[in-house]
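Report on the structure given below.
The values are calculated or read from the model by the stated rules, or taken from the named source; none is laboratory data. A quick note: this is a predicted structure, and the numbers were derived from the prediction, not measured. Virtual Cβ from ideal backbone geometry, glycine too; neighbours counted across all protein chains shown.
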Amino acid sequence: MAETSREALFWEEAGDGKVKCRLCPHSCVIAPGKTGICGVRENRDGTLYTLNYNLATSLALDPVEKKPLYHVHPGGYLVSAGTFGCNFACEFCQNWHISQVCEGRPRTMAISAENLVRTTILERARHPEVVGIAYTYNEPTVWMEFVLEAAELAKKEGLVNALVTNGYVSREALKKVLPFIDALNIDVKSWHDEFYRRIVHGRLKPVLETVEESLKHAWVEVTYLVIPIENDSEDQVGALARFLASLSPSVPLHLSRFFPNYRMGGEPTPLSTLERLRDVASEHLHYVYIGNALRPGYADTRCPECGATLLRRGGLALERSYLTREGNCPDCGRPLEMVGRVWA
């Protein structure tokens, strides 16, 4: 049976039996017998242990579009794995039953990094469109010990590694994992630090630093959950779009529709708001999508040069590719920025 707890990485002694965790910007100083904010890193007699090592809450085969990663092997599939715990406590969390351990520890299954990679290889042998692994569902960086092992093994087997993350990770830990990561979807939850402190219980600046650093090593797409009144202003989305464009105008931005969940009520985001904000962001970025709202065209990839439809999506799946064999626009010849090939 796989070991389910081990000494953690990224920590140091802090005196009086306490330890300081260096995994994320919270930099928790943890007393003996206590855990950090994430709820999954525990001080045992002056040594920091991870409590979710080799433990999964979810394991599934998902289209890359579900992550969402629209420019990573479009039409391909990823074996998706997640555990429990999170270093944020978002009032609107969609996966609170596995991320918020304060609500109770969820059911888990034991799985080693070797078994996850072996499972993915077997799936790829049966279905060539299975291209790799996504570390997702909860916040994967609080599973860093497992992710590092699995991602390194997967990389050796030629598999894609995708990280779906809130971006709240220390520079030290991020630099350790990025050499094995091909693509990230990073949540930027607001352009205002006050929103992060009040609703997310974190800070904005480290997330933006993760976006910037990750773009030096891997493909990055950004998701922004649009919550009425809280973060749905044109000023906020415009500022985020300008920031991303300053790094690369080809960074895809996914504007996701909010639905009430966990501790946050209210009404779903109006489609008119999402469309308006898409237009604002599109003044700066080549690829802006509307997610969590099924309407024709919202998830389609269009050529930034001539406007032709390049990839047509329905729901969470690729329906048709219009790209040339070389991956170019069929009308003007502009190449589409993406990782891998189209599976259509």
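The set of residues in the range 247-268 being over 15 Å from Glu91 (Cβ atoms) and over 21 Å from the mean Cα position of the chain (by Cα) consists of Glu267, Pro268. Residue count for the range 96-141 under the criterion of being assigned to a strand (DSSP E or B) and touching a residue at least 60 places away in the same chain (Cβ under 8 Å): the result is 4. Of note, Val288 satisfies the criterion of being in the same structural domain as Pro68 (by TED's automatic domain parsing), under 21 Å from the mean Cα position of the chain (by Cα) and of a type in the set (A, V, I, L, M, F, W, C).
Does Glu103 satisfy being closer than 19 Å to Asp182 by Cα and either buried (at least 20 other Cβ atoms within 10 Å of the Cβ) or not assigned by TED's automatic domain parsing to the domain that holds Thr35 (or both)? So Glu103 does not fit the description; no. The set of residues in the range 224-236 being within 16 Å of the chain's Cα centre (by Cα) and either under 16 Å from His284 (Cα atoms) or of a type in the set (Lys, Arg) (or both) consists of Tyr224 alone. Looking across the range 187-199, the residues that are without any contact (Cβ under 8 Å) to a residue 60 or more places away in the chain and in a helix (DSSP H, G or I) come down to Asp193, Glu194, Phe195, Tyr196, Arg197, Arg198. Residues of the range 143-169 that are assigned to a helix (DSSP H, G or I), farther than 19 Å from Glu213 by Cα and not small (Gly, Ala, Ser): Trp143, Glu145, Phe146, Glu149, Glu152, Leu153, Lys155, Lys156. When Ala281 is tested against the conditions (1) under 19 Å from the mean Cα position of the chain (by Cα); (2) surrounded by 20 or more Cβ atoms within 10 Å (Cβ to Cβ); (3) under 22 Å from Arg334 (Cβ atoms), the lone failure is (1). Selection within the range 131-160: residues that are touching a Ser or Thr at 6+ places or on another chain (Cβ under 8 Å) and β-branched (Val, Ile, Thr). The member of this set that is farthest from Asn87 (Cα to Cα) is Ile133. Take the residues in the range 113-171 that are among the hydroxyl-bearing types (Ser, Thr, Tyr) and more than 17 Å from the chain's Cα centre (by Cα), then tell me which one is nearest to Ile181 (Cα to Cα). So, considering only residues that are among the hydroxyl-bearing types (Ser, Thr, Tyr) and more than 17 Å from the chain's Cα centre (by Cα), the one nearest to Ile181 (Cα to Cα) is Thr120.
Determine, yes or no, whether Tyr49 is among the aromatic types (Phe, Trp, Tyr), in a strand (DSSP E or B) and modelled with pLDDT of 95 or more. So Tyr49 fits the description; yes. Among the numbered conditions (1) without any contact (Cβ under 8 Å) to a residue 40 or more places away in the chain; (2) in contact with a Leu (Cβ under 9 Å, 6 or more places away or on another chain), the only one that Gly291 does not meet is (1).
The set of residues from the range 291-344 being under 21 Å from the mean Cα position of the chain (by Cα), on the phi < 0 side of the Ramachandran plot and of a type in the set (S, T, N, Q) comprises just one member, Thr301. Just to be sure, is Leu184 in contact with a helix residue (DSSP H, G or I) (Cβ under 8 Å, 6 or more places away or on another chain) and either in a helix (DSSP H, G or I) or surrounded by fewer than 24 Cβ atoms within 10 Å (Cβ to Cβ) (or both)? Spelling it out, it is not the case that Leu184 is in contact with a helix residue (DSSP H, G or I) (Cβ under 8 Å, 6 or more places away or on another chain) and either in a helix (DSSP H, G or I) or surrounded by fewer than 24 Cβ atoms within 10 Å (Cβ to Cβ) (or both).
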